[in-house]
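All remarks here apply to the structure that follows.
The values are calculated or read from the model by the stated rules, or taken from the named source; none is laboratory data. These numbers were taken from a predicted model, which means no experiment stands behind them. A quick note on method: Cβ atoms are made from the backbone with ideal geometry, for glycine too, and the neighbour counts reach across all protein chains shown. Ligands, DNA and RNA are stripped out before the accessible areas are found, and what is left, the full protein with its side chains, is counted by its heavy atoms. Shrake-Rupley method; radii C 1.70, N 1.55, O 1.52, S 1.80 Å.
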Amino acid sequence: MHVLSKYRYLPLLLIVALAFTGCDTLRVAKTPPVPPPPPPVMAPPQTPAPPPRPKVEPTKEWMSVDGLKTVYFDYDRFDLRPDAVAVLNNNLNWFKNHPDVDVRIEGNCDERGSEQYNQVLGEKRANTVRGWLISQGVDGNRLHTESLGESNPAVPGHNEAAWAQNRRDEFKAYLTKGEMR
């Protein structure tokens with residue numbers, strides 16, 4: 001029995017030994033700390049889109065066109081001569097083929113007479129042609145008149161040949177450059 005008494009503390013020793021060795025294995029495993037999430041990936045700063053460009057209408061201007069011929073007048077007159085009516089009849093084709101184009105009729109005079117008188121005479125010449133075109137069916141809303149008086153001579157000179165070329169009505173269509181000539 002003596003042998004048993006020598007080993008009687010063995011179970012107790014085993015329990016203590018297991019307790020010490022078990023502490024290591026029973027210890028709650030610590031999880032490593034979770035690293036903070038990476039900062040959000042920022043898109044490169046966007047430059048704001050430029051504001052939309054306003055639609056630019058092509059610039060229109062009054063310009064001469066091939067299909068509209070000049071009408072000439074007698075000295076100190078604003079009535080239509082037979083050759084002027086023939087020119088206007090030919091111009092009617094242009095008006096019919098271009099129904100959406102506005103036209104300016106510019107009344108001109110030679111240098112004789114006062115500036116004020118020639119301004120009024122140029123206006124009468126332009127209005128006479130405008131009235132004739134309206135009587136032939138051209139829409140009056142697209143016909144504009146302007147008197148240039150003696151300020152815009154077609155031919156320089158101080159004789160009947162020059163003056164005859166300066167007593168006239170010219171036609172200018174309101175067009176965009178390069179639209180038609």
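Among the residues making up region 134-153, those that are closer than 15 Å to Ala173 by Cα, open to solvent by less than 60 Å² (accessible area, probe 1.4 Å) and not in a loop (DSSP other than H, G, I, E, B) are Gly140, Arg142, Leu143, Thr145.
One residue alone among Pro45, Pro36 is at pLDDT 75 or above and more than 15 Å from Gly107 (Cβ to Cβ), and that residue is Pro36. Looking across region 69-90 at every residue that is open to solvent by 80 Å² or more (accessible area, probe 1.4 Å) and assigned to a loop (DSSP other than H, G, I, E, B), the one that is farthest from Glu150 (Cα to Cα) is identified as Lys69. Within region 98-117, identify whether any single residue is part of a helix (DSSP H, G or I), open to solvent by less than 70 Å² (accessible area, probe 1.4 Å) and not small (Gly, Ala, Ser), and answer yes or no. No; the residues of region 98-117 include none that is part of a helix (DSSP H, G or I), open to solvent by less than 70 Å² (accessible area, probe 1.4 Å) and not small (Gly, Ala, Ser). The numbered conditions (1) open to solvent by 30 Å² or more (accessible area, probe 1.4 Å); (2) in contact (Cβ under 8 Å) with a residue 24 or more places away in the chain; (3) part of a helix (DSSP H, G or I) are all true for Arg125 except (1). Select from region 87-107 the residues that are touching a residue at least 40 places away in the same chain (Cβ under 8 Å) and under 15 Å from Ser64 (Cα atoms) and list them in ascending order. Passing the criteria: Asn91, Phe95, His98, Val101, Asp102, Val103, Arg104, Ile105, Glu106, Gly107.
Scanning region 48-68 for residues that are in contact (Cβ under 8 Å) with a residue 40 or more places away in the chain and in a loop (DSSP other than H, G, I, E, B) yields Pro58, Thr59, Ser64, Val65, Asp66, Leu68.
For region 36-50, the count of residues that are under 30 Å from His98 (Cβ atoms) and either among the polar types (S, T, N, Q) or open to solvent by less than 100 Å² (accessible area, probe 1.4 Å) (or both) is zero. Taken over region 154-169, the criterion of being open to solvent by less than 40 Å² (accessible area, probe 1.4 Å) and modelled with pLDDT of 95 or more is satisfied by Ala162, Ala164, Asn166, Arg167, Arg168, Asp169.
Only one of the numbered conditions (1) touching a residue at least 60 places away in the same chain (Cβ under 8 Å); (2) closer than 14 Å to Asp100 by Cβ is violated by Lys172, and that is (2).
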